[in-house]
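> Structure provided below as structure tokens; questions to follow.
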Amino acid sequence: MSSTGQGPVIRVDGVGIRFRRNRRGRRSFKDLFADSSRRSRPGEFWALRDVSFEVQPGEAIGVVGRNGQGKSTLLKLVAEVILPDTGTVEVSGGVAPLIEITGGFVADLTVRENVYLTAGLHGMTRPEIDQRFAEIIDFAEIGDFVDTPYKHLSSGMKVRIAFAVISRLEEPVVLVDEVLAVGDKAFREKCYARIGEMLADGRTLFLVSHNERDLKRFCRRGLYLDKGALVFDGPLDDALARYASDHPPRPSA
Amino acid sequence: MSTDLAERPRRSGFARYRQTLWLLTSRDLKVRYSTSKLGYFWSILDPLVMSGIYFFVFSVVFKRSVGDEPYIVFLLSGLLPWMWFNGAVSDSTRAFIREAKLVRSTKIPRTIWVFRLVGSKGIEFALSLPVLALFAAVGGAQLHWQVVFFPLAMVMQTVLVAGVGLIVAPLVVFFRDLERATKLALRFAFYASPIIYGTQDLPEGLHLLAAFNPLSGIFGLYRSAFFPEQFDLTEVLVGGGVCVVVLAVGLLVFRASERAVLKEI
């Protein structure tokens, strides 16, 4: 099956966002209510500036760039967990954000309660969760710990259950931010397989990674960010080539 | 396998807002009651102990001239709603900070972070009402028809607490000192509101001023169920107006600062 085919699923138009350079900088009430104008203020920098692109349903997009060039910020903007200072981000349909996936889990509640809580916060109804509960627990391989408080799980189990929940959200857009770097090898492969499965379902994928292999495995289109600007938008191989030529890999130390 | 990707009906924004609000409110209550053995008991023990202390100090030591008989019912009918106000406002100072990870990873409407506190503390208040009823029965307080004002008082208090929370929660993210300032302000508000006394006990010149404290009107409404003379129309009307203004200001502050809050946490 494929998603509803009309129009882009993500539309980012002239987006800019700025942050304070110094977290301890003095701030005033004026800063707090400052209008979101294009003007740059002292002590602030633009993490992203004038970024525009559209994503069609079913596309798989890899975001490349060095650390601190705005990749994760872009992902958070698409997830709508931060808001741009200029421009607009429109995402039609829901988003399954594999960002800080363990964030919603509560230490004192059991795995079962946590699954219902997190899936619910991401918009699933109770009957939908009931239907998928067994599948989620099965995927995370923690069948024996369903009624154990979350805090007593090993860190590997925590990540597994979190990934299992978020990757079962029936949302048309999937955002992945380097979460694949966690877990043991076998589980990582399982995560990859799951992401491939979601893509085959016709979902849109937005992947931030430093790992060329991961990017090439899933994505055909690449966005290359440098110094907060979208420098290149096109086939992934060209984006990677451009990135490599701007930042030649250092001779191995 | 998931094949219902596009067919899944999208629920209305309101239904989703309500579901999320309820999820977080019930999570708060669940966490509280799953981590302590006495659970519910704690939420009523605090006002009970405080009532006991005030009862002793003002009835036995000072030979009080304020409030009505039975004084313990008078005290509780002010203290229990005060616990709601106090708890929700002081928790709202940590509304974003404590939930930073969750705020950073979900895009639920941000006002929910405040409203869930209003809800969970409000539910605790409702659950503590049987205690008030018990003391009223034992203390021989007469129930009057004014008990119908109870829901009105709860609505007014919900509006007020939500408004104050919407102002405090985002500002604390930027000015951490506000957390302590809020605690101090709450302690002041405790004595500036008719809890251990009634507004009639105030000197004549302070009556108008007291009416501008929305808690005067609200507590008066609660109390009129047992003490009809505590009802004061001016206080209720002025207080109701203040509640609405506070909520409006809260919504404005919240909207204006939301963007900056999300960057900060």
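> Largest first and in whole Å, give the semi-axes of region B:129-253's equivalent ellipsoid, each being the square root of 5 times a Cα gyration tensor eigenvalue.
One finds semi-axes of 28, 16, 15 Å for region B:129-253.
> Next question, about the same structure. Identify which of B:V66, B:V159, B:V138 has the largest mean-square fluctuation in a Gaussian network model of chain B, with springs joining Cα atoms closer than 10 Å.
Checking each option, the largest mean-square fluctuation is seen for B:V138.
> Pick from B:D46, B:D91, B:D177: which is most flexible by mean-square fluctuation in a GNM of chain B where alpha carbon atoms under 10 Å apart are linked?
Top of the fluctuation ranking is B:D177.
> Given H placed on each backbone N at 1.01 Å, which residues far from A:A96 in sequence or on other chains put an amide H within less than 5 Å of it?
A:V173, A:V174, A:L175
> Another question about this same structure. How large is ³J(HN,Hα) for each residue in region B:205-214, as worked out from phi by the Karplus curve 6.51 cos²θ - 1.76 cosθ + 1.60 (θ = phi - 60°), to whole Hz, x for Gly and Pro?
Calculated HN-Hα couplings, in order: x, 8, 4, 5, 4, 4, 5, 7, 7, x Hz.
> What does the charge count around A:F232 come to, taking other residues whose C-beta lies under 12 Å from its C-beta (Lys +1, Arg +1, Asp -1, Glu -1)?
Here the charged neighbours net out to -3.
> Then there is this: Full extension from B:L202 to B:A185: what is 0.36 nm times the residue separation minus their Cα-Cα distance, to one decimal in nm?
Working it through step by step, the gained length comes to 4.1 nm.
> Please compute the Kirkwood hydrodynamic radius of the protein assembly as shown from all pairs of different C-alpha atoms, in Å with one decimal.
25.8
> Using only C-alpha positions, report the orientation-averaged shadow area of the convex hull of region B:14-264, nm², one decimal.
14.4
> Still on this model: Would you kindly calculate the mean projected area, averaged across all directions, of the convex hull enclosing the Cα atoms of region B:175-222, in square nanometres?
That works out to 3.9 nm², a quarter of the Cα hull's surface.
> Can you list the residues, at least 5 places off or on another chain, whose amide H is less than 5 Å from the amide H of A:D226, using H built in the peptide plane?
It is A:V231, by chain and number.
> Right, another one. Hey, got the average number of other protein chain Cβ atoms within 10 angstrom for residues in B:255-265?
Counting other chains' Cβ atoms within 10 Å and averaging over B:255-265 gives 5.
> Identify the trypsin sites (Lys or Arg not before Pro) of region A:107-173 meeting these criteria: DSSP loop state and at most 12 other C-beta atoms within 10 Å of the C-beta.
none
> Moving on to the next point. Using only atoms on other chains, find how many Cβ atoms lie within 10 Å of each Cβ of peptide B:97-108 and report the average.
The mean count of partner-chain Cβ atoms within 10 Å per residue comes to 6.
> Using only Cα atoms, what Kirkwood radius does chain A have, in angstroms?
19.6
> Do the alpha carbons of any pairs in A:K76/B:K107; A:K158/B:K101; A:K158/A:K190; B:K101/B:K121; A:K158/B:K121; A:K76/A:K227 sit beyond 20 Å of each other, and which pairs?
B:K101/B:K121; A:K158/B:K121, as the Cα separations exceed 20 Å there.
> Quick one: net charge around A:T88, please, counting Lys, Arg +1 and Asp, Glu -1 for every other residue with C-beta under 10 Å from its C-beta.
That sum, taken over residues with Cβ under 10 Å, equals -1.
> If amide hydrogens are placed 1.01 Å from N in the peptide plane, which non-local residues have theirs closer than 5 Å to the one on A:S209?
Sorted by chain and number, the residues that satisfy this are A:V63.
> Karplus couplings for region A:96-111 from phi (6.51 cos²θ - 1.76 cosθ + 1.60, θ = phi - 60°), rounded to Hz, Gly and Pro as x?
With the stated coefficients, region A:96-111 comes to 9, x, 8, 10, 6, 4, 7, x, x, 7, 9, 4, 7, 8, 6, 4 Hz.
> Mind checking the mean number of beta-carbon atoms from other chains within 10 Å of the Cβ atoms in A:100-108?
Mean partner-chain Cβ count within 10 Å for A:100-108: 4.
> Using the alpha-carbon atoms, what tilt in degrees (0 to 90, nearest 10) does helix A:126-140 show relative to the longest principal axis of chain A?
90
> Can you work out the Karplus-derived ³J(HN,Hα) for every residue in region B:183-194? Use 6.51 cos²θ - 1.76 cosθ + 1.60 with θ = phi - 60°, whole Hz, and x for glycine or proline.
Whole-Hz 3J(HN,Hα) from phi for region B:183-194: 4, 5, 4, 5, 5, 5, 4, 4, 7, 7, 10, x.
> Can I ask one more? What angle do you read, to the nearest 10 degrees and between 0 and 90, between the alpha-carbon axis of helix A:185-200 and the longest principal axis of chain A?
Taking the Cα atoms of chain A, the angle to A:185-200 is about 70 degrees.
No value in this document is a laboratory result; all are computed from the given coordinates. Quantities reported herein were computed from a predicted structural model and do not represent experimental measurements. Every residue, glycine among them, receives a Cβ derived from its backbone with ideal geometry; neighbour counts consider all protein chains shown.
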